[in-house]
1. Residues to consider are 98, 128; find the one that is part of a loop (DSSP other than H, G, I, E, B) and at pLDDT 95 or above.
2. For residues that are touching a helix residue (DSSP H, G or I) at 6+ places or on another chain (Cβ under 9 Å) and more than 15 Å from residue 116 (Cβ to Cβ), tally how many sit in region 151-170.
3. Hey, which of the helices (runs of 4 or more DSSP H) in region 185-259, taking only ones fully inside, have at least 2 residues that are within 23 Å of residue 170 (Cβ to Cβ) and within 15 Å of ligand 1 (Cβ to nearest atom)?
4. Going through region 53-74 one residue at a time, which ones are part of a helix (DSSP H, G or I) and touching a residue at least 24 places away in the same chain (Cβ under 8 Å)?
5. In this structure, does residue 177 turn out to be at positive phi, exposed (fewer than 15 other Cβ atoms within 10 Å of the Cβ), in contact (Cβ under 8 Å) with a residue 40 or more places away in the chain and more than 14 Å from ligand 1 (Cβ to nearest atom)?
6. Can you give me the number of residues within region 218-259 that are within 16 Å of residue 24 (Cβ to Cβ) and free of Cβ contacts under 8 Å to residues at least 40 places away in the same chain?
7. Taking region 190-248, which residues are away from ligand 2 (no atom under 12 Å from the Cβ), touching a strand residue (DSSP E or B) at 6+ places or on another chain (Cβ under 8 Å) and farther than 25 Å from residue 23 by Cβ?
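The values are calculated or read from the model by the stated rules, or taken from the named source; none is laboratory data. These numbers were taken from a predicted model, which means no experiment stands behind them. Cβ: placed from backbone, ideal geometry, glycine included. Neighbour counts: every protein chain shown.
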Ligand code: NDP
Ligand code: 8X3
């Protein structure tokens, strides 16, 4: 087992869903948390919750991972005690729209590619050299089943998550010979704000995604991330594909009622 006590864990997209649960779960193991996202009021509330429940240190900051200069600036400006990041959870991400490619909204495409691919790269490029230099670290990329199976109208979201799958493999290869570990956690349906964001705030449509089936919870994913990071140093969990029991692939979902 690798102890997570006093490890500095950076979680991107910690204001909601998987990121929020992951920050709480690491804090329960005694890790100190660096949390970022765009909605700072939510981060502040999470920071207070973590401090009072677990007594660990938390540093939160506003970050839009699409903004390359802001990524570089934010990490350069971190207080010294926060610079030795031991675990990076590349979680910030989103889907926008569910349209055919011929009817797709190009702003939606830009937002997905800029966040899920370029944002992940900007943060990784900023944090990873320190891990290599210190001979210690772990990158956890949040991919998706959408990065393993293409589904109708998933087109650009699928492409962005296939990119995460490729980058996860590429990172592992490029880091071979260092002790830095690389893991991709690739879930299916999890009920978070993901579908509300995908459908631009249409809560009814978002609800129908999970209707009549039991989705995964953010805590299920957080537990798996923490488990992966607490394996002994010689064990690298490369990829975990996890789905609800009610799901066999992105297009095969068992529902007890029709949405
Ligand atoms: P949520 O919408 O609940 O959370 C997404 C998080 O990402 C929020 O904290 C949001 O923060 C952050 N985020 C989005 N854009 C940016 C940005 N430009 N800069 C910084 N942070 C950003 O969804 P989930 O928790 O479900 O999603 C987390 C990850 O899990 C995503 O990568 C998603 O693709 C992946 N995933 C989700 C699945 C699901 O079914 N829910 C299944 C498989 C993978 P803020 O808006 O405050 O910036
Ligand atoms: C989220 C899961 O199936 O909606 O990545 O693409 S899915």
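1. Values: 128 fails: part of a loop (DSSP other than H, G, I, E, B).
It is 98.
2. Within region 151-170, the subset touching a helix residue (DSSP H, G or I) at 6+ places or on another chain (Cβ under 9 Å) is 151, 153-168.
When the remaining residues are screened for being more than 15 Å from residue 116 (Cβ to Cβ), the result is 151, 153.
Looking only at that region, the number is 2.
3. On the way: elements: 194-198, 203-208, 218-229.
It comes to 218-229.
4. First pass over region 53-74, keeping only residues part of a helix (DSSP H, G or I): 53-54, 68-74.
If the condition is that a residue be part of a helix (DSSP H, G or I) and touching a residue at least 24 places away in the same chain (Cβ under 8 Å), then 53, 54, 68, 71, 72, 74 are the ones that fit.
5. Values: at positive phi: yes; exposed (fewer than 15 other Cβ atoms within 10 Å of the Cβ): yes; in contact (Cβ under 8 Å) with a residue 40 or more places away in the chain: no; more than 14 Å from ligand 1 (Cβ to nearest atom): yes.
Criteria not met by residue 177.
6. Initially, region 218-259 is screened for residues within 16 Å of residue 24 (Cβ to Cβ), giving 218-227, 229-230.
Adding the requirement that they be free of Cβ contacts under 8 Å to residues at least 40 places away in the same chain leaves 220, 224, 227.
Residues meeting the conditions: 3.
7. Listed by number, the residues that qualify are 213, 246.
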